[in-house]
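These notes concern the structure reproduced below.
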């Protein structure tokens, strides 16, 4: 359903402005909150209620909304995310004394089935890093992207958001803007640094506008987007004859898994991944150490590999 912030009740507009200005959330995150709250507002209007009158909203309304989502066959993880949006919204209203009671209080998240993250073993990861069709600017870009996702454990959104001056191949470090506008420095492997340098030398082949600062470019010379990045990894996985379903997130999972298998401590991996909660990082600790075929340079299997 299409919507614009201007058509939402003022309470929701104020909340989104707070997330934007004070919390510094990304556009994608703001859009997700906006969609969730717009959907809730549409639901409330069927019950002759509105977020414009938040004091009229009670716990039964929240439960009824979740029931409707369930009837629409929404996944439990998506239901939990929408409930999280409502909790943040009503928490904001209570903090600003627009309501005296939080209708989300006592509402439990749907029980999620905990799927273990998909990851590659070391040999599969290295095969993907070496996958290439031909020595071209596109292949150099693709290999640089894969090395960065696996070598530094970036989210795909973080990788495609990088600008040229965010990456220091000499110091082997990249400045990354993560979720919630949180900036962190991540190390680059020597292999990633080399691939990036080789790609940058050929970057002009994409014919970018002189003002375009994006590190990774699409075929039209504009910033590479997430969907294009996913297609690149899928293509490389096919060349390397890897199982179907390999995507950028699988490389991030592999990064964390191989570090932990190599002896890295959980807190360090949490910091590298940019996780706010260590419980998120703990999902990787189920892995069997026997799956490691060899470990390179202080835990990461790619860090000490010379080109």
Modelled with pLDDT under 95, within 16 Å of residue 217 (Cβ to Cβ) and part of a helix (DSSP H, G or I): which single residue out of 140, 149 fits that description?
140
Being buried (at least 16 other Cβ atoms within 10 Å of the Cβ), within 21 Å of residue 179 (Cα to Cα) and either in the same structural domain as residue 180 (by TED's automatic domain parsing) or out of contact with any strand residue (DSSP E or B) (no Cβ under 9 Å at 6 or more places or on another chain) (or both), is that true of even one residue in region 43-53?
no
Unique match (being modelled with pLDDT of 95 or more and surrounded by 13 or more Cβ atoms within 10 Å (Cβ to Cβ)) among 163, 127
163
Please go through (1) under 20 Å from residue 135 (Cβ atoms); (2) over 20 Å from the mean Cα position of the chain (by Cα) for residue 262 and return the number of the only condition it doesn't satisfy.
(1)
Only one of 100, 169 is under 30 Å from residue 36 (Cβ atoms) and either surrounded by fewer than 20 Cβ atoms within 10 Å (Cβ to Cβ) or in contact with a strand residue (DSSP E or B) (Cβ under 6 Å, 6 or more places away or on another chain) (or both). Can you tell me which?
100
Residues in region 182-225 that are surrounded by fewer than 15 Cβ atoms within 10 Å (Cβ to Cβ), in contact with a strand residue (DSSP E or B) (Cβ under 7 Å, 6 or more places away or on another chain) and touching a residue at least 60 places away in the same chain (Cβ under 8 Å): how many?
1
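The values are calculated or read from the model by the stated rules, or taken from the named source; none is laboratory data. Values in this document were obtained by computation on a predicted structure and should not be read as measured data. Neighbour counts run over all protein chains shown; Cβ positions are idealised from the backbone, glycine included.
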